[in-house]
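The values are calculated or read from the model by the stated rules, or taken from the named source; none is laboratory data. Note that the coordinates shown come from a computational prediction; the quantities given were computed from them, not determined experimentally. Every residue, glycine as well, gets a Cβ built from its backbone with ideal geometry; the counts of neighbours run over all protein chains shown.
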Amino acid sequence: MANKMTNEELIRQQPDSLVKKIVKEVVDAKAVDIHFEDEDDEQWAVVKIHMYDEDKEMALRLLPKDKWVLQLGYYDEEDEFIELLQPLTEAEIDLIPKGLQKVMLKVLASEEGLRVPGNVLSK
């Protein structure tokens, strides 16, 4: 029987598979919301997917200076929301379709979220 990876192991050891999962769900969606968020002195564009059966959230964030980050959020035993962040390598960024990258860049630059058809993001 295979051991189930912890969330920490998953985001550190298999970020490429998580990026692929997010991209697949986003481009297959009828409509996708890309949000602008900020916290303290940081701001980013983000696209999220939810895995309700596992009570998890995964996201791709684009920060200024073309910095991409994978986010994995989940609730621990005490029902506290834990957010794990993993910077993406160039190879992992290349898994993100150019259409999605362009829309996220536009959201970051304009500081306004957008709703777009998923199929537009796959190009």
Discussion item. Considering only residues that are buried (at least 17 other Cβ atoms within 10 Å of the Cβ) and among the aromatic types (F, W, Y), which ones fall in the stretch 31-72?
Written reply: F36, W44, W68
Item to complete: Looking only at the stretch 2-13, decide whether some residue is at pLDDT below 95, surrounded by 11 or more Cβ atoms within 10 Å (Cβ to Cβ) and touching a Ser or Thr at 6+ places or on another chain (Cβ under 9 Å).
Response: yes
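Among the residues of the stretch 100-121, are any among the aliphatic types (A, V, I, L, M) and surrounded by fewer than 11 Cβ atoms within 10 Å (Cβ to Cβ)? Give the steps one after another, and end with the answer.
Pass one, the stretch 100-121, residues among the aliphatic types (A, V, I, L, M): 100, 103-105, 107-109, 114, 116, 120-121.
Then keep just the ones that are surrounded by fewer than 11 Cβ atoms within 10 Å (Cβ to Cβ); that gives none.
No: the stretch 100-121 contains no residue that is among the aliphatic types (A, V, I, L, M) and surrounded by fewer than 11 Cβ atoms within 10 Å (Cβ to Cβ).
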Worksheet item: Given the structure, is P97 surrounded by fewer than 17 Cβ atoms within 10 Å (Cβ to Cβ), closer than 14 Å to V19 by Cα and touching a residue at least 24 places away in the same chain (Cβ under 8 Å)?
Response: yes
